[in-house]
Amino acid sequence: MTTRTPADTAELDELGPIDYLVIEFPAGGPTGKAMPLLLDLVERGIVRVLDLEFLSISPDGTITRVAVEDLGGDEELELTVFAGAKSGLLDEDDLQEAAAALEPDTSAAILVYENLWAAPLARELRRSGAQLVAGGRIPVQAVLAALDATENAE
């Protein structure tokens, strides 16, 4: 069993919420057009990338881990800045679980990130004894469907 030192506890107290995304790309893989946007979020201190892993799923369903360095072939898909993004939060079971959600002949990025923008709020809530008991995301498709349903009901 590992014990935490007071410094570790203080550091953890400063953390913002940590989220993950599994992003599936069609055959051919990512274009890189989103990477400048992710880099911008990092540079502005909005998020901190903790882990970034890439998987390739062959047409027969074989899962292959793809190194970040192997993806950065052009200017749009410059990912080498994230080559060392490995916090230890993602393990092999997590990658297998993510791969199970993917279609054959696709690729995916698994991104674990800290929401730095929310760290001060999270810190103060923890200090006051509050704790997060539930969370979630509403997919944009569900929002659009709800808006369409509202519009059609009028």
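The values are calculated or read from the model by the stated rules, or taken from the named source; none is laboratory data. Here the structure is a predicted model, which means the values were calculated and not measured. Positions of Cβ are backbone-derived with ideal geometry, glycine not excepted, and every protein chain shown enters the neighbour counts. With ligands, DNA and RNA removed, areas are computed over all heavy atoms of the protein, side chains included. Shrake-Rupley method; radii C 1.70, N 1.55, O 1.52, S 1.80 Å.
Over the stretch 22-154, the ratio between the Cα radius of gyration and 2.2 N^0.38 Å evaluates to 1.27.
Around the amide H of residue 83, modelled in the peptide plane, lies no amide H under 5 Å away from a residue 5 or more places distant or on another chain. Working from Cα pairs under 8 Å separated by at least six residues, relative contact order for the chain is 37 percent. Taking the 1.4 Å solvent-accessible surface of the chain as the whole, the part contributed by carbon and sulfur is 57%. Between rounded, prolate and oblate, where does the stretch 88-154 land on the alpha carbon gyration tensor, with a ≥ b ≥ c its root eigenvalues, rounded for a/c under 1.5, else prolate if a/b exceeds b/c? Judged from the Cα gyration tensor, the stretch 88-154 comes out oblate (a/c at least 1.5, b/c at or above a/b).
Model label points for residue 91 and residue 60, set 7 angstrom from Cα along the Cα-to-Cβ axis, are 3.0 nm apart. A simple count of charges around residue 124, restricted to other residues whose Cβ falls under 15 Å of its Cβ and scoring Lys, Arg +1 and Asp, Glu -1, yields +1.
Could you list the trypsin sites (Lys or Arg not before Pro) in the stretch 15-113 that lie in coil according to DSSP, counting only those with at most 11 other Cβ atoms within 10 Å of their Cβ?
Answer in residue order: 33, 44.
In deg cm²/dmol, rounded to 500, what helix-only [θ] at 222 nm does the chain give when every DSSP H run of at least 4 residues adds -39500 (n - 2.57) and the total is split over its residues? It would help to have the intermediate numbers written out before the result.
On the way: 5 runs with 49 residues, N = 154.
That comes out to -9500 deg cm²/dmol.
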